[in-house]
1. Under 5 Å between amide H atoms, partner at least 5 residues away or on a different chain: which partners does residue 124 have, H built in plane at 1.01 Å?
2. Could you calculate the FRET efficiency of residue 262 with residue 26 from 1/(1 + (r/R0)^6), where r is the beta carbon distance between them and R0 is 30 Å, rounded to 0.05?
3. So what's region 65-148 giving for Cα Rg divided by 2.2 N^0.38 Å, two decimals?
4. How far is it, in nm, from the label point at residue 164 to the one at residue 5 when both lie 7 Å from their Cα along the line to the Cβ?
5. Take the alpha-carbon positions of region 80-122, form their convex hull, and give its projected area averaged over all directions (one quarter of the hull surface) in nm².
6. Roughly speaking, to the nearest percent, how much of region 40-256's 1.4 Å accessible area is carbon and sulfur?
7. For region 47-188, what's the radius of gyration and Dmax over Cα atoms, in angstrom?
8. Taking only DSSP H segments of four or more residues, each worth -39500 (n - 2.57), what value at 222 nm results for the chain once the sum is divided by all its residues, to the nearest 500 deg cm²/dmol?
Amino acid sequence: MSRFLRNAFRSLEVYVPGEQPRDKKYIKLNTNESPFPPSPEVLDAVAKEADSLQLYSDPECTALRKTAAEQFGVRPENIFCGNGSDEVLNFAFFAFCDETRGMAFPSISYGFYPVFGDLYGLDCLPIPLRDDFSICPDDYFSLNKNIVIANPNAPTGMLLSVEQIRAILDSNPNNIVIIDEAYVDFGGKSCLPLIAEYDNLLVVQTFSKSRSLAGARLGFGFAQPPIIADLNRVKYSTNPYNINRETLAAGEAALRSQSYYDDNCRRIMENRAFTTDALTGLGFSVLPSSANFIFARHPKIGGETLYLTLKERGILVRHFSHREISDFVRITIGTLEQMQALIETIQTILS
Ligand code: PMP
């Protein structure tokens, strides 16, 4: 840290991304990426766009928003494009929270929420999960705080219904409710249709998981036009060209390859069922997941030991040291071959 850093940032606890190792080739089940490559149309679109990299990208993301609007049944004015959904979340915290209006979120959820809270000096309210690790919607009623909920939640994978979220929106009409749907394509139901009814709803989605574009960095915010305009105020005050040309092209082509990605999601869900059954057979308890990962613990081996032992054997999963979940590992669902290798390795470790 230099002596020039502003005081408020000196004690900031930054977000720690999952490992992206370069030392050797792992079966990488630690950061919820897709095991499948982008669609051939995406690869083609990206290659073609390279010719125009001397020009700035379209700050309004016109073509991408138009294609997305058609696909999602909304208007382009309902869509904000972010450099990953992390940027959409960041801009939302920046735009809608201050000293008087902090943010509430589940105490076990996406690790970036408290980091944004700290960054902006907010009064955050982490709300505990139930004993079964589910979110209790009643805990979010009439909070008088902005709210962000990952649905499905991470790292649990557990889902709230659209009706439960509607009840949260109804009871917090004067606060922004952000529903982070990073993992919604793996069996969840999106709240997107609710943006027509609720002027306080921001639905956030990403291209990093179901659409195999984690490295391209693209996310969407969906909301009524005034909220989108607010996010644009932040964007045009920080980085107008936040989405590069290659990513705009990739995103548009990805939207046009929907059946390819639907197929991939179906395979992930099948592999999730396979892995859940196999781990359960080995004595694990596995939380019911609607995401492209599962959260599992075994009565005889701690989460950290399992993570380290798997790593030694070339398989990366994610472990969190947070006390309430330190028994667990989070396992990204990969190809069937990867999941079979995981199960065989765990069998060996347990025996
Ligand atoms: N929300 C949740 C719940 C996530 O797990 C992630 C992935 N780390 C993100 C948002 C951000 O994803 P991205 O910035 O790649 O769109």
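The values are calculated or read from the model by the stated rules, or taken from the named source; none is laboratory data. Predicted model only: the values in this text are computed from it and were never measured. Backbone-built Cβ (ideal geometry, glycine too); neighbour counts: all protein chains shown. Just so you know, the surface numbers come from the protein's heavy atoms only, side chains and all, with ligands and any DNA or RNA stripped out. Shrake-Rupley method; radii C 1.70, N 1.55, O 1.52, S 1.80 Å.
1. 103
2. Values: r = 28 Å, r/R0 = 0.93.
Given R0 = 30 Å and the Cβ-Cβ separation, E is 0.60.
3. Numbers: Rg = 15.1 Å, N = 84, 2.2 N^0.38 = 11.8 Å.
Against the empirical 2.2 N^0.38 Å value, I get 1.27 for region 65-148.
4. For residue 164 paired with residue 5, the spin-label model returns 3.8 nm.
5. Details: hull surface 12.3 nm².
The directionally averaged projection comes out at 3.1 nm².
6. On the way: 4420 of 8720 Å².
Roughly 51 percent, rounded to a whole number.
7. Reported Rg and Dmax, both Å: 17.1, 55.
8. Values: 10 runs with 123 residues, N = 351.
Helix contribution divided over all residues of the chain: -11000 deg cm²/dmol.
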